[in-house]
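No lab work stands behind these numbers, since they all come straight from the coordinates. If you're wondering where the values come from, they're calculated on a predicted model, not measured in any experiment. Here Cβ is always computed from backbone atoms with ideal geometry, including for glycine, and neighbour counts include all displayed protein chains.
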Amino acid sequence: MGKIVRKTICIFQLALLTCTFYMVQTDKQTVQSKNESNLSGTWIRDSIEHESDRSNNPALGEVKLIIIQRDREIKIARQFNNSNAQSVLEESTYYSDGRGEGNQRTGFRTEHGKSVEEIVRSKTTWKGGKLVSEAEIRGGKSGTGFGMKIRDEWSLSKDGKELIQTTTYQAVNVRGPITTFKPQIYKKIYHRTI
């Protein structure tokens, strides 16, 4: 009888421990999701003028974003026509747990008068309901000593029908005493289509 009672108590304690662990994990996920928006969907930004995004391929006309958000992985495909009326598709993947990511970009740096493709390393986290990605690009091989800090913030309007992207570019002197220059801030608003 003593063994049966001990086994029953042991099973009961194990079940209680499992339930407690499950409740803590569920509560933790609920707290995290309260601070995170679901950006998934197809978004359109109508634009008549050139897009001010420091790109050598400024967008003309409509810009379409397709965002797929699964847990901590956020994939953003950006489709637009460049100044040569060529369709351009840029794809990026971000991880909101801060582990860091590398996305291929063209247009931030030139060498010998040509735009250079490079991997831009960034770290992304949720901050106060906004998805925030921060990157720093160092000067080119020519050793100019200048770099660029880039901060992208993505948030939804209260009704969830608009996606607001605020991008801040700040030039920095990375050689010698670090000097920062006045940041340039651009705000883009996209409308949900699906």
One finds, for Thr166 and Asn84 with R0 = 25 angstrom and r their Cβ-Cβ distance, a FRET efficiency to the nearest 0.05 of 0.35
Going through the cross-link list Lys127/Lys149; Lys64/Lys130; Lys123/Lys161; Lys127/Lys187; Lys64/Lys114, which pairs have a Cα-Cα distance over 22 Å in this structure?
Lys123/Lys161; Lys64/Lys114
Added length on full extension, which subtracts the Cα-Cα distance from 0.36 nm per residue, Ile119 to Ile189:
22.6 nm
Based only on other Cβ atoms within 10 Å, what is the fewest-to-most ordering of Val88, Val132?
Val88, Val132
